[in-house]
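Take a look at the structure below.
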Amino acid sequence: MKSAVNRVHVTKYKCKICGERLSTAKNESLIIDDVPENTFNFSKNTVNLHVIACKSCGAVQLVNVPLSADYDAVYRSIGVSVAYREEKKRQIKKFIEVYNLIDAQVIEIGCGNGQFLEMIREVGIEKITGIEAGANNYHECLNKGFNVFHGNLPRVLKKEKLSNLFDAFVSFHYLEHLPNPINFVTCLYEITKTGGVGLIEVPNYDYIEKNNIWLEFTKDHRFYYRKRTICYLLSKCGFDVEFIEENNGGICLTVIVRKLGKSDGIFSAMRNQIQKDIEEFKLMIEGLKGPFAVYGAGHYSQLLINIAHKQYGIKPVYIFDSNKQKCGNKICDVVIEHGNNAINMQNCDNIIVICGIYNDEVFNMLSSSGKKIIKWE
Ligand SMILES: [Zn+2]
């Protein structure tokens, strides 16, 4: 009977990051009782945490633990430690310098009462914006003179039309609080300009696990990220992970991502290159003022001949290849002959070598033929 219960659970739960089916069976879970209901405000009430891990993406996540009503409001107290604040400020300064962001539009997601916004302003960024869901924090930021939107990212993105507006975003210890990380990171991608960068910081589960720091588990951290988990999540949502490091003695993971891609599509450069190469091929043929042969009947040469013939109606009078198995077949109605015939061919003085990595070898072999030999790289 007990195994039947477990089996129901096994088929029911899916990893919220990679979609892998997860077991919630007790022997594969961590159950912690008597966890204070509130992480940041005092409460006598307690909850039980049921923690499971995804073998596929490595995400450690809570199961069936109620979400706090104010889960997206930020509580932090970095001002308490002068040393910690200085370290964070150095980290921000380095990010600004390395990515040349001093005049950039930068946004902090989950900016709390503005503690990081203050540091970002102190290192010289003028155009800093914040997003904060907690009402008190939001008003505190306004009082400090910051430009801050009130709400969570998906709602603010829609309402304020923030698509492709920011050169950079930062988000410190916020992602782990969110119940739908895919939705959140997709929104981060949306607000970032093409070529823009982002810095995300979360607790480092690799370190928590290695040192068995069980006191780190709280109801408000919905996910714990390993290096591979956060790289998977960010990549899945379109970002390129540029850099990842452990810091603050290993307990924090800092990831820097970039939004790659081009406004005219991801294959635009490749399309342009195809057209450029085919035109260059045509110009080279025109420059020969006479018929030409091709040495090489492999994939490269076949593709090039096919496209050039289709677009410009040009094709070789002979095609040669050293591989006997290819001989007798046709490319654009030209029969492939054995390479030995190349030296004695009639009525054609030009041979274009299209043999990929064997180009030099074939070029040297034909160099004594008295024909004009051209390597096509
Ligand atoms: Zn997973």
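Summary of values
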{"item": "Members of the stretch 48-76 found to be of a type in the set (A, V, I, L, M) and within 16 Å of the ligand (Cβ to nearest atom), listed by number", "result": "Val51, Ile52, Ala53, Ala59, Val60, Leu62, Val63"}
{"item": "Every residue from the stretch 163-204 that is in contact (Cβ under 8 Å) with a residue 60 or more places away in the chain and small (Gly, Ala, Ser)", "result": "Ala168, Ser171, Gly195, Gly196, Gly198"}
{"item": "Check on Arg226, open to solvent by less than 40 Å² (accessible area, probe 1.4 Å) and modelled with pLDDT of 95 or more", "result": "yes"}
{"item": "Residues (open to solvent by less than 60 Å² (accessible area, probe 1.4 Å) and closer than 15 Å to Lys219 by Cβ) located in the stretch 53-70", "result": "Val60, Gln61, Leu62, Val63, Val65, Ser68"}
{"item": "Check on Leu215, in the same structural domain as Tyr84 (by TED's automatic domain parsing), without any contact (Cβ under 8 Å) to a residue 24 or more places away in the chain and not polar (S, T, N, Q)", "result": "yes"}
{"item": "Unique match (being aliphatic (A, V, I, L, M) and more than 19 Å from Phe184 (Cβ to Cβ)) among Val82, Val65, Val74", "result": "Val82"}
{"item": "Which numbered condition Ile266 misses (of (1) part of a loop (DSSP other than H, G, I, E, B); (2) open to solvent by less than 40 Å² (accessible area, probe 1.4 Å))", "result": "(2)"}
{"item": "Of residues in the stretch 16-47 being within 16 Å of the ligand (Cβ to nearest atom) and without any contact (Cβ under 8 Å) to a residue 12 or more places away in the chain, the one farthest from Ile182 (Cα to Cα)", "result": "Arg21"}
{"item": "Strands (runs of 3 or more DSSP E) (entirely within the stretch 285-377) containing at least 1 residues that are open to solvent by less than 60 Å² (accessible area, probe 1.4 Å) and under 21 Å from Gln275 (Cα atoms)", "result": "292-295, 350-353, 372-375"}
{"item": "Every pair of residues 6+ apart whose Cβ atoms lie under 6 Å, when the first sits in the stretch 48-74 and is in a strand (DSSP E or B) while the second is within 16 Å of the ligand (Cβ to nearest atom) and of a type in the set (Phe, Trp, Tyr)", "result": "Val60/Tyr205; Val60/Tyr224; Gln61/Phe223"}
{"item": "Test: residue in the stretch 312-330 that is under 34 Å from the mean Cα position of the chain (by Cα) and within 16 Å of Lys375 (Cβ to Cβ)", "result": "no"}
{"item": "Filter result for Val98 (free of Cβ contacts under 8 Å to residues at least 60 places away in the same chain and open to solvent by 50 Å² or more (accessible area, probe 1.4 Å))", "result": "yes"}
{"item": "Members of the stretch 229-242 found to be touching a residue at least 60 places away in the same chain (Cβ under 8 Å) and open to solvent by less than 30 Å² (accessible area, probe 1.4 Å), listed by number", "result": "Thr229, Leu233"}
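The values are calculated or read from the model by the stated rules, or taken from the named source; none is laboratory data. Quantities reported herein were computed from a predicted structural model and do not represent experimental measurements. Every residue, glycine as well, gets a Cβ built from its backbone with ideal geometry; the counts of neighbours run over all protein chains shown. Accessible surface is based on the protein model in full, side chains and every heavy atom, while ligands, DNA and RNA are left aside. Shrake-Rupley method; radii C 1.70, N 1.55, O 1.52, S 1.80 Å.
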